[in-house]
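Data block below; observations after.
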Amino acid sequence: MASMRDIKRRRESVSSTQQITKAMKLVSTVKLQRAKGRAIKSKYYFRAMYNTVTDLLSDSANVDTPYVKVSECDRKAVLVITSNRGLAGGYNSNIVKLITNGDFDKDKTDIYIIGRKGRELLERKGYYIRKDYSELAEGFEYADAIKVCNKLLKEFDEKKIGEIYLAYTNFKNTVSHEPTLLKLLPIIPGEIYGSDEEDDPNDKLLLMNFEIPDDEALKYIVPKYLTSLIHGALIEAVASENGARMQAMDNATNNAEEMIDKLTLQYNRARQGSITQELTEIIAGAEAIS
């Protein structure tokens, strides 16, 4: 059994850790409130942009564009959004699992990473980091999303990559965050609709016509589409990260409280045993004298 000194030292250590986790929870809660409002406001535009453009491109089978055709290049690009810091439960590892458990060959996948934690995990598993944008995990603007979009589109147009994916954490509410993988390009007709029987089969046969030349219209639409999704994913990722960290620190604080209670009980038992032993020795000594 541990000595009273060891138990006391460990209890003090756990108490110090609890104070840290409490402070981190409070900081995450404040950050979450700001990020949550921003995520909720952007979510509707984010979803509408994805649904509108994917439907538009899926109905554009009559348009001669690589954005709706299977590419000759078999390399895939994945923009992965994680965090620069840990202590957020399974936030980072759940995103990485989308890649490691998905259909992404290490030799044919380029990772465009946001977040040092994601980079460390993916590098450890043997994935090639094509470009690191980890500074965006600390703060970003719409112009930063444009920069990332231009890089991805340039690689796609030059046929260095054939598919573009986005891996991020979808913010549902304070306690619910869902790792999500979206295919951004190309949008192959039929992939979006799947086999949902409720869809009108006539809708799948509609062709999209543009008033201006097709290629010119898509030059405006596709960059806007990619940039909006990247920016929206960054906003939701920030809210999800702070929500995950708040939950993790709350759990850590509660666990520390339980450990302190157990250590206090152990300390009291050890103290009681020590007092009993001292009394026994005094009584035995008194009897020996008499």
Point to revise | Options 43, 31: the member that is under 26 Å from the mean Cα position of the chain (by Cα), surrounded by 15 or more Cβ atoms within 10 Å (Cβ to Cβ) and within 24 Å of residue 116 (Cβ to Cβ) | key: 31
Review point. Where in the range 83-162 are there helices (runs of 4 or more DSSP H), lying fully within it, with 2 or more residues that are of a type in the set (S, T, N, Q), more than 30 Å from residue 221 (Cβ to Cβ) and touching a residue at least 24 places away in the same chain (Cβ under 8 Å)?
Key: 91-100
Point to revise | Flag for residue 33 being at pLDDT 85 or above, over 24 Å from residue 148 (Cα atoms), in contact with a Ser or Thr (Cβ under 9 Å, 6 or more places away or on another chain) and not aromatic (Phe, Trp, Tyr) | key: no
Study note, to complete from the structure: residue 141: passes all of (1) under 19 Å from residue 46 (Cα atoms); (2) under 17 Å from the mean Cα position of the chain (by Cα); (3) loosely packed, with under 13 Cβ neighbours inside 10 Å but (2)
Point to revise | Considering residues of the range 1-28 that are among the small types (Gly, Ala, Ser) and loosely packed, with under 14 Cβ neighbours inside 10 Å only, the residue farthest from residue 259 (Cα to Cα) | key: 23
Check your understanding: Limited to the range 1-30, what total is found for residues that are modelled with pLDDT of 90 or more and not in a helix (DSSP H, G or I)?
Key -> 0
**Study point:** Checking residue 173 against (1) surrounded by 12 or more Cβ atoms within 10 Å (Cβ to Cβ); (2) at pLDDT below 95; (3) not acidic (Asp, Glu), the condition it does not meet
**Key:** (1)
Practice item. Give the residue that is nearest to the chain's Cα centre (by Cα), with candidates limited to residues of the range 119-132 that are within 20 Å of residue 151 (Cα to Cα) and not aliphatic (A, V, I, L, M). Key: 119
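The values are calculated or read from the model by the stated rules, or taken from the named source; none is laboratory data. Since the model is a prediction, treat every value here as computed from it, not as a measurement. With ideal geometry, Cβ positions are generated from the backbone for all residues, glycine too; neighbour counts draw on all protein chains shown.
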